[in-house]
Amino acid sequence: MAKQKTSAIIRRQDRIAEDIYDLRLETELAQQAGAGQFVSVYLPDASRLLPRPISICGIDRRAGEVRLVYRIAGGGTALLSGMKAGERLDVLGVLGNGFPLERADGKRVLVMGGGIGIPPMLLSAKMLQERGRALGVTAVLGYRSETFLLNEFESVCPVIVATEDGSRGSRGNVMDAMKEHKAVADTIFACGPMPMLRAVKKLAEANNMEAYISLEERMACGVGACLGCVTKTVGIDAHSMVRNSRICTDGPVYDARDVEI
């Protein structure tokens, strides 16, 4: 499906945790979006030329709505958080390659999210359950403290929770929670900070598991032209002829065996 820049209408926006916002957009991109993909949001400020890439947390194809849950990380996202229902935004999408949900068929699956990598995993869990072909889906979620979106995950599948301060679930990170609850799986889908993804890759390699990881990276153009977001790969990239891959177009989701992180 061709990428397109389109005008979207804000239907609603809510603060759901400290510096975490839930943005609902009316856009035709809802018909194309999939789990693990993202859109680039342009801000109504001429001084901010580059769009902000935000992972897709939810889609409602019937209502024509895309849901984005993001963290304020700077002036651009702070500006975005102040926008209200009825205002318009330009959005480029749908971007990137998402999670290969068919790889979960007939398997036990862990959907793992850490920090702001949690929102895209909600859509992944929902779509896996809708497919109904996995042997079981369990979410493992790691928070600093506030457990945003947790109630929604719990309505979709069993959930294992870790918090850094121990206020909910296991104290520590997602790997600590997995060990405590003796969670097992054949396939892992994961998104989160790089230390978490390295741990997932190592776990998968040690236990002969499949793991598909969504790499978080600063992105400028979002369409692979600037080479500003690259990761080292096992194979040679046909575009650059080196062992690099453009996360915005070749990713953000990779088979963990294919990347060196």
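Working note: Debye formula, equal point scatterers on the alpha-carbon atoms of segment 68-130, no solvent; log10 I(q)/I(0) at q = 0.13, 0.23 Å⁻¹ is -0.53, -1.10.
At a 1.4 Å probe, what is the % contribution of carbon and sulfur to the accessible area of segment 4-95? If you can, show how the numbers build up before the last one.
Working: 1790 of 4030 Å².
So the carbon and sulfur contribution to the accessible surface is 44 percent.
What pairs from 3/202; 3/182; 107/179; 84/126; 126/201; 126/182 go past 31 Å between their alpha carbons? From the list (3/202; 3/182; 107/179; 84/126; 126/201; 126/182), the Cα-Cα distance tops 31 Å for 3/202; 3/182. Here r is the Cβ-Cβ distance between residue 61 and residue 15 and R0 is 22 Å; the resulting FRET efficiency, rounded to 0.05, is 0.25.
In whole percent, what relative contact order does segment 4-95 give with Cα contacts below 8 Å and a gap of six or more residues? Kindly include the intermediate steps, with their values, before the conclusion.
Values: 202 pairs, mean separation 38.3, N = 92.
Normalised by residue count, the contact order of segment 4-95 is 42 percent.
Per residue, segment 42-108 exposes 47 Å² of accessible surface when a 1.4 Å probe is rolled over the protein heavy atoms with every protein chain present.
With N as its number of residues, segment 4-95 has a Cα radius of gyration that, divided by 2.2 N^0.38 Å, comes to 0.97.
Given a 1.4 angstrom probe, I'd like the percentage of the accessible area of segment 101-214 that is carbon and sulfur, rounded to a whole number. Numbers along the way, then the final one.
Working: 2350 of 5060 Å².
After summing per-atom areas, the C and S share lands at 46 percent.
Please list 21-32, 188-199 highest first by mean number of surrounding beta-carbon atoms within 10 Å per residue.
Working: 21-32: 19.9, 188-199: 21.4.
The densest-packed peptide leads the list: 188-199, 21-32.
Tell me, rounded to the nearest percent, the portion of alpha carbon pairs in segment 101-214 spaced more than 22 Å apart.
22 percent
The values are calculated or read from the model by the stated rules, or taken from the named source; none is laboratory data. Being a predicted model, the structure only gives us computed values, none of them experimental. Here the Cβ is made from the backbone with ideal geometry for all residues, glycine too, and neighbour counts use every protein chain on show. Only protein heavy atoms, including side chains, enter the accessible area calculation; ligands, DNA and RNA are left aside. Shrake-Rupley method; radii C 1.70, N 1.55, O 1.52, S 1.80 Å.
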